[in-house]
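J.: If you scroll down you'll find the structure; I have some questions about it.
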Amino acid sequence: GEQVEQRPPHLSVPEGDSAVIICTYTDSATAYFYWYKQEPGAGLQLLMSVFSNVDRKEEQGLTVLLNKKDKQLSLNLTAAHPGDSAVYFCAVSHYGNEKITFGAGTKLTIKP
Amino acid sequence: DPKIIQKPKYLVAVTGSEKILICEQYLGHNAMYWYRQSAKKPLEFMFSYSYQKLMDNQTASSRFQPQSSKKNHLDLQITALKPDDSATYFCASSQDGQANTEVFFGKGTRLTVV
């Protein structure tokens, strides 16, 4: 079945810097790609979703890049601030299948 | 106001006992799900229901039984609890069971089995 590897598991960056999280997936039939944010004691918040025909998507300081050739998905947070501190998860799903497969998560800490 | 309500927030259970995790959603969604997050594994898909019918079951053990008494309810009954069942269980929902419809997650029930 689909496997999603996420790195790094922990990431600490100074406020104002950029943070990059990378995921690789195994199934070339993967069609939908997601990034979720989880704050302590909270559920998962969907940050962005992209379909496989999109290589790049930007929204509110977040950039998602999709490299289908290398089966790689990345999230770039620009100008990070302390409120961005959380655990971030990449996730994927297939056509006609609502099951979401998650990466292991990246704990992001933004240092003031 | 939270639109997906999970109860209880924290739960401690004795090995061998049975517990029910409650989930209600007020988003008008037709599909509901259970996911599990443990210390040893990433978030794992467990079940999906659409219009109160089981669509997918990725849980190997029959000790885990979803129960849908109403369209907006999907409870999770766990029997013969084991310490390895300790995890945070997330309920989720989406408009329908199709991929790429946004899935909304509850805040989870943190289960500890002692």
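J.: Scan the stretch A:88-101 residue by residue and report those that are open to solvent by 10 Å² or more (accessible area, probe 1.4 Å) and under 13 Å from the mean Cα position of the chain (by Cα). Walk me through how you get there before you give the answer.
T.: To start, the set of residues in the stretch A:88-101 that are open to solvent by 10 Å² or more (accessible area, probe 1.4 Å) comprises A:94-99, A:101.
The answer is A:Thr101, and nothing else.
J.: For A:Gln60, are the conditions met, namely being open to solvent by 50 Å² or more (accessible area, probe 1.4 Å), without any contact (Cβ under 8 Å) to a residue 40 or more places away in the chain and under 21 Å from B:Gly106 (Cβ atoms)?
T.: Working: open to solvent by 50 Å² or more (accessible area, probe 1.4 Å): yes; without any contact (Cβ under 8 Å) to a residue 40 or more places away in the chain: yes; under 21 Å from B:Gly106 (Cβ atoms): no.
So A:Gln60 fails the test.
J.: Does A:Ser28 fit the bill of being more than 14 Å from chain B (Cβ to nearest Cβ), open to solvent by 20 Å² or more (accessible area, probe 1.4 Å) and either part of a loop (DSSP other than H, G, I, E, B) or on the phi < 0 side of the Ramachandran plot (or both)?
T.: Criteria met by A:Ser28.
J.: Separate question: When the residues of the stretch B:69-114 are filtered to those that are more than 14 Å from every other protein chain (Cβ to nearest Cβ), in a strand (DSSP E or B) and over 10 Å from the mean Cα position of the chain (by Cα), which remaining residue is surrounded by the fewest Cβ atoms within 10 Å (Cβ to Cβ)? Break it down into steps so the answer makes sense when it comes.
T.: If we filter the stretch B:69-114 for residues that are more than 14 Å from every other protein chain (Cβ to nearest Cβ), which is where we start, we get B:69-73, B:75-86, B:111-114.
Then keep just the ones that are in a strand (DSSP E or B); that gives B:73, B:75-78, B:111-113.
Now drop any that are not over 10 Å from the mean Cα position of the chain (by Cα), which leaves B:73, B:78, B:111-113.
On the way: B:His73: 18, B:Ile78: 21, B:Leu111: 22, B:Thr112: 14, B:Val113: 19.
Looking at the filtered set, the residue picked out is B:Thr112.
J.: While we're on this one: Among the numbered criteria (1) within 11 Å of chain A (Cβ to nearest Cβ); (2) touching a residue at least 60 places away in the same chain (Cβ under 8 Å), which single criterion is violated by B:Lys7?
T.: That leaves (1) as the condition not met.
J.: Being in contact with a Cys (Cβ under 9 Å, 6 or more places away or on another chain) and of a type in the set (A, V, I, L, M) is the filter here, so list the residues in the stretch B:32-70 that pass it.
T.: Listed by number, the list holds a single entry, B:Met32.
J.: State yes or no: is A:Pro9 more than 16 Å from the chain's Cα centre (by Cα) and within 21 Å of B:Phe90 (Cβ to Cβ)?
T.: Answer is no for this residue.
J.: Would you confirm whether any residue within the stretch B:30-48 is in contact (Cβ under 8 Å) with a residue 12 or more places away in the chain, open to solvent by 90 Å² or more (accessible area, probe 1.4 Å) and either touching a Pro at 6+ places or on another chain (Cβ under 8 Å) or part of a strand (DSSP E or B) (or both)?
T.: No, every residue in the stretch B:30-48 fails to be in contact (Cβ under 8 Å) with a residue 12 or more places away in the chain, open to solvent by 90 Å² or more (accessible area, probe 1.4 Å) and either touching a Pro at 6+ places or on another chain (Cβ under 8 Å) or part of a strand (DSSP E or B) (or both).
J.: I'm told A:Ala42 meets every condition in (1) part of a strand (DSSP E or B); (2) open to solvent by less than 50 Å² (accessible area, probe 1.4 Å); (3) facing another protein chain (nearest Cβ under 10 Å) except one. Can you identify the failing condition by its number?
T.: (1)
J.: Hand me the list of strands (runs of 3 or more DSSP E) wholly inside the stretch A:58-112 holding 2 or more residues that are away from chain B (no Cβ under 14 Å).
T.: Working: elements: A:62-67, A:72-77, A:86-94, A:106-111.
Answer list for the stretch A:58-112: A:62-67, A:72-77, A:106-111.
The values are calculated or read from the model by the stated rules, or taken from the named source; none is laboratory data. Just so it is clear, the structure is predicted and the values come from calculations on it, not from any experiment. In this analysis, Cβ positions are derived from the backbone assuming ideal geometry, glycine residues included, and neighbour counts consider all displayed protein chains. Surface accessibility is based on the protein's heavy atoms, side chains included, excluding ligands, DNA and RNA. Shrake-Rupley method; radii C 1.70, N 1.55, O 1.52, S 1.80 Å.
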